1. Examine region 23-42 for a residue that is touching a Ser or Thr at 6+ places or on another chain (Cβ under 6 Å) and at pLDDT below 80, and state whether such a residue exists.
2. So which of Arg151, Arg110 is at pLDDT below 95 and of a type in the set (Lys, Arg)?
3. Would you mind telling me which numbered condition in (1) out of contact with any helix residue (DSSP H, G or I) (no Cβ under 9 Å at 6 or more places or on another chain); (2) modelled with pLDDT under 60; (3) under 27 Å from Asn142 (Cα atoms) Gln8 fails?
4. Show me the strands (runs of 3 or more DSSP E) entirely contained within region 103-195 in which 2 or more residues are more than 27 Å from Glu83 (Cβ to Cβ) and free of Cβ contacts under 8 Å to residues at least 40 places away in the same chain.
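The values are calculated or read from the model by the stated rules, or taken from the named source; none is laboratory data. Since we're looking at a predicted model, the values are computed, not measured. We place every Cβ from the backbone using ideal geometry, glycine too, and count neighbours over all the protein chains shown.
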Amino acid sequence: MFRMKSSQTNSECSQPDARRDFEIRPVEKFPESEFSQLQRQVFADVQRESDELNALLRAEGETGAAEPAHAPMFRLGAYIGEELVGWSNGWMERGRVFYMANSGVVAAHRRKGVYTALLSAVRDHALSQGAVTLRSQHSVLNNAVIITKLRFGFHVSGLSQSAQMGTLVELSHHLSQPRQEMFRGRAIPFVARPT
């Protein structure tokens with residue numbers, strides 16, 4: 001495990017809560033290579049390393065093509081003192097959608113409300129940026145996160161394939177009642193009849 005300091009330059013930092021022993025706060029950047037090691041540890045169950053994919057990525061990197069421009073990354077860290085125990089990264093996409101690109105919680109700190117607190121903090125940030133929907137993708141093997149997000153109000157909005165992660169489920173959380181009703185009106189009639 002590693003410890004790090006973060007700059008609290010944003011008023012969106014959560015205040016310490018007497019009911020929990022962690023704190024959620026914005027982070028400008030996570031330190032490498034420690035963060036990469038932490039990600040590999042957290043996603044070991046669902047992400048397979050592939051010599052074929054690694055060779056393909058190296059070959060693509062040798063073309064010299066510039067990476068496409070991305071919206072600014074927003075990062076949140078969950079800390080116990082200065083120890084990073086969870087995180088969430090994401091950015092705004094077209095259509096006022098906030099994409100949750102990568103989130104995780106260290107195994108020893110799961111089932112303690114850390115991930116749900118990160119979800120709440122991401123939702124609050126997305127709303128402050130004018131987002132109308134949160135979107136994320138997950139390995140279909142990542143049941144703990146999928147179930148947590150479904151309980152939080154996310155809905156299954158699609159499936160896709162990834163060379164690195166296999167089958168992915170896309171989840172969306174509509175941040176307003178009118179959007180939620182529109183989604184239900186368009187999607188639910190095709191999958192279930194209301195009772």
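1. Within region 23-42, none of the residues are touching a Ser or Thr at 6+ places or on another chain (Cβ under 6 Å) and at pLDDT below 80.
2. Arg110
3. Checking Gln8 against (1) out of contact with any helix residue (DSSP H, G or I) (no Cβ under 9 Å at 6 or more places or on another chain); (2) modelled with pLDDT under 60; (3) under 27 Å from Asn142 (Cα atoms), the one that fails is (3).
4. By residue number, 155-162, 166-174.
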